[in-house]
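Data block below; observations after.
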Amino acid sequence: MNTATANATADVVRLTGVSRTYGGERNPVNALDDVSIGFRTGTFTAVMGPSGSGKTTLLQCAAGLDRPTAGSVLLDGQELTGLDEKQLTMLRRERIGFVFQAFNLLPALTVADNVALPLRLAGRKPEPGSVDQVLERVGLGSRKTHRPGELSGGQQQRVAIARALITKPAVIFGDEPTGALDTRTALEILRLLRESVHQGGQTAIVVTHDPVAASHADRVVFLADGKVVDELYGASADAIAERMTHLGAWGDQTVASREGAR
Ligand code: ADP
C-alpha cells in the first residue's frame, strides 16, 4: 500500500472536491467551494470560521444530511454519492451520532427512553444494561426516569451525547453543541466528547465559534468563503483566537484593498 492509500484508509470521513452551491444560476452562493479534507479515525476536530463561511454546510455534507453539488464524500468506508434517501437514513442511524445546540430531546420521554430512541428507530432492542452503561458514562446514572424538563441545560446535553453514543457510531457530529451552555458546563461536555474519541475510538467533528471550546480538539480547521484556509494542531485558545482575528482581518483587508483599487 502506498502512503496516499494508507492515509486515505485512516480517514473515517473524506471529502474530495466537494462544492455546494445554493440559489439559482443568476445569483449562486458557493457555500462550499472545492473542499478536499480528511478526518482520521480517533481524532477530535473543531471547525471554525466567520458566520456564513460554510461550517454547517460542511458538517451536513459530511454527515449525509445535505448533498454536495459536486465532489464525493466517503464515510466509514461508504461512498455517499449515489445513495438514495432511505440508504442515507440507514447510514445516519447506524454510523453517525449528532449533537446539536438545541438538545432536541423528546420532552414526553424519560431520559432512558430518549437515549434508547435511535436503537428503537432502527428496529433494534437495546442490549441489556447498555442504556444504563452509557448514562453512567455521562454521569447521569441516577436520572434515568426523569424527563428532560427536570434537568439543567448541561444535563440535557449529556443526555443528547448519551443518545449519540448508544449506537456506537463511527463519527459524532456536533453543530455548536456547547453554544447554549455556560463556560463550566461547556467544558464538561467537551471533555466528555474528547473521552469518547480517545477511549472509544470514535471520531468527533464539531462546529464551534468558541476558541476555548476549539482548544479541546486535536485539530482546528478554519473555513473562510467556503474554503479550508488553514488548520492548527494542539493549539491553545489564545493561538486559535489570534488565528480567527486574522481570518477576519484578512477578509477586511481584501475588502479594503478592493475598495482602495476603485
Ligand atoms: P456557517 O455555518 O459558517 O455560518 P453556512 O454553511 O450556514 O455557514 O452557510 C454558508 C453560506 O451558504 C452562507 O452564505 C449562507 O447564507 C448560504 N446558505 C446556507 N444554507 C442555505 C440555503 N438553504 N439556501 C440558500 N443559501 C444557503
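Quick notes on this structure:
- Of note, ARG124 does not satisfy the criterion of being in contact with a Gly (Cβ under 9 Å, 6 or more places away or on another chain) and either surrounded by 15 or more Cβ atoms within 10 Å (Cβ to Cβ) or without any contact (Cβ under 8 Å) to a residue 12 or more places away in the chain (or both).
- Some residue of region 83-95 being touching a helix residue (DSSP H, G or I) at 6+ places or on another chain (Cβ under 7 Å), part of a helix (DSSP H, G or I), more than 16 Å from the ligand (Cβ to nearest atom) and touching a residue at least 60 places away in the same chain (Cβ under 8 Å): yes
- Test for LEU109: is it part of a loop (DSSP other than H, G, I, E, B) and at pLDDT below 90: no
- Check on SER51, over 13 Å from the mean Cα position of the chain (by Cα), of a type in the set (Ser, Thr, Tyr) and more than 9 Å from the ligand (Cβ to nearest atom): no
- Of all residues in region 168-179, those that are away from the ligand (no atom under 16 Å from the Cβ) and either surrounded by fewer than 22 Cβ atoms within 10 Å (Cβ to Cβ) or within 12 Å of the chain's Cα centre (by Cα) (or both) total 4.
- Note on region 151-257: no enclosed strands (runs of 3 or more DSSP E) hold 3 or more residues that are of a type in the set (Asp, Glu).
- Selected residue (criterion: farthest from the ligand (Cβ to nearest atom)) from residues of region 68-82 that are in contact (Cβ under 8 Å) with a residue 24 or more places away in the chain and in a loop (DSSP other than H, G, I, E, B): ASP76
- Which listed residue is in contact (Cβ under 8 Å) with a residue 24 or more places away in the chain, away from the ligand (no atom under 16 Å from the Cβ), in a loop (DSSP other than H, G, I, E, B) and of a type outside the set (A, V, I, L, M), from PHE103, PHE39: PHE103
- Flag for SER130 being more than 24 Å from GLY64 (Cβ to Cβ) and either exposed (fewer than 15 other Cβ atoms within 10 Å of the Cβ) or in contact with a strand residue (DSSP E or B) (Cβ under 6 Å, 6 or more places away or on another chain) (or both): no
The values are calculated or read from the model by the stated rules, or taken from the named source; none is laboratory data. Source: prediction; values computed, not measured. Note that we place each Cβ from the backbone using ideal geometry, even for glycine, and neighbour counts take in every protein chain shown.
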